[in-house]
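Following: one structure in structure tokens, then a few remarks.
Throughout, read-outs are computed from the coordinates displayed, never taken from laboratory work. All figures in this text were calculated on a predicted structure; none of them were measured in a lab. Backbone-built Cβ (ideal geometry, glycine too); neighbour counts: all protein chains shown.
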Amino acid sequence: MTATARLRWRCRRGMRELDRLLCWYLDARYAGADDVEKAAFSTLLEQQDPDLWAWLSGRDVPPQPHWRRIVDEIRAGYRV
């Protein structure tokens, strides 16, 4: 299994909305990210679903600056 396939599996959550947002980032932005951002995305995926949803829905802000950049990018770039 490739690293991207493993990440795709980790993007699959219990909530369809999270799946879409996280997979969008993986498909649209991950390949162009630098190593620091790729590592940040991997650690972001270790967080609990309620926290991820609060951050991605704009109800809260991630505590880590690298996560904030990814969350901001998803929120700005994802379109239904």
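A single entry from SER42, SER57 fulfils the requirement of being of a type in the set (Ser, Thr, Tyr), under 11 Å from the mean Cα position of the chain (by Cα) and surrounded by fewer than 16 Cβ atoms within 10 Å (Cβ to Cβ): SER42.
Taken together, the residues in the stretch 19-42 that are over 14 Å from TRP9 (Cα atoms) and not aliphatic (A, V, I, L, M) amount to 7.
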